[in-house]
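The values are calculated or read from the model by the stated rules, or taken from the named source; none is laboratory data. From a predicted model like this one, the values you see are computed outputs, not experimental measurements. As a convention, Cβ positions derive from the backbone with ideal geometry for all residues, glycine included, and neighbour counts pool all protein chains shown.
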């Protein structure tokens, strides 16, 4: 394994592990969702700006009107994505919200076909069907513990909405090809801070060192540092490795939810989650029915 691949794999793994713990920080902060996202944007912007200035990444030549406008539009989408996902956590659990959120590749598939003219193949339709079956399994499951059925369904709907807005942000980012990703992220979090300031500042400020520590961590670690690690990994890794390592995120989220809050998935929820992750892997890694690992091995065995 060459140096870039090792470093990129380490960065991607760290970024996904960090992402998998954000639900705990959000819930433990005890803050309204708008407040959490606002302070995430503030501290994330400060971290990204400091990093960009330190390494000379701020080049005003990139700040053309089109770049700023599209980055701001992506910022609105990514902030709505955070608001919806964070609101889903207490309603459906971190585990279920994260699994449903992993339907985002299929949202991106549809938007890509609609706005970018990308083709939808038979294989992609197959994986979409697998993901849909997984979603039906999760929706049909009865929530356990303190989750009310109406809240559970609302949490699933919020997670789907979060996935949709993430896909919108991804489509907008594709239109900014050639723009430094750290600059895009910086414009996005600044946009988010401006967007949520009237709501967050009208509410009481966080109280005590613990709440501030949790919110600063979400901004600095889960936003600033996570973005830096993620973009560094994307630049160094082949697409299939990036896609494969991205599944550390939902696994980490399930473990955090189980250890911190005692939420265990029911068998039908496990089956549905596995179907969604398998379908997302198949889409991200470009598997066809013939190239799926198990089928491929069986075909090679018969041929020999």
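Odds and ends about this structure:
- Look at the range 1-19: where a residue is at negative phi and touching a residue at least 60 places away in the same chain (Cβ under 8 Å) and a partner is part of a loop (DSSP other than H, G, I, E, B) and crowded, with 18+ Cβ neighbours inside 10 Å, sitting 6+ places away or on another chain with Cβ atoms under 6 Å, you get 8/237.
- Scanning the range 226-261 for residues being at pLDDT below 90, more than 15 Å from the chain's Cα centre (by Cα) and surrounded by fewer than 20 Cβ atoms within 10 Å (Cβ to Cβ) gives a total of 6.
- Which numbered condition residue 52 misses (of (1) assigned to a helix (DSSP H, G or I); (2) within 30 Å of residue 135 (Cβ to Cβ)): (2)
- Of all the listed residues (126, 147), the sole one being assigned to a loop (DSSP other than H, G, I, E, B) and either surrounded by fewer than 20 Cβ atoms within 10 Å (Cβ to Cβ) or more than 18 Å from the chain's Cα centre (by Cα) (or both) is 147.
- Against the conditions (1) on the phi > 0 side of the Ramachandran plot; (2) touching a helix residue (DSSP H, G or I) at 6+ places or on another chain (Cβ under 6 Å), residue 56 satisfies every one except (2).
- Evaluation of residue 276 against (1) surrounded by 19 or more Cβ atoms within 10 Å (Cβ to Cβ); (2) over 17 Å from the mean Cα position of the chain (by Cα); (3) at pLDDT 90 or above; (4) over 17 Å from residue 14 (Cα atoms) (one fails), failing number: (2)
- Filter pass, residue 42 being part of a helix (DSSP H, G or I) and more than 20 Å from residue 166 (Cβ to Cβ): yes
- The listed residues are 133, 170, and the only one of them that is surrounded by fewer than 21 Cβ atoms within 10 Å (Cβ to Cβ), in contact with a helix residue (DSSP H, G or I) (Cβ under 8 Å, 6 or more places away or on another chain) and over 24 Å from residue 19 (Cα atoms) turns out to be 133.
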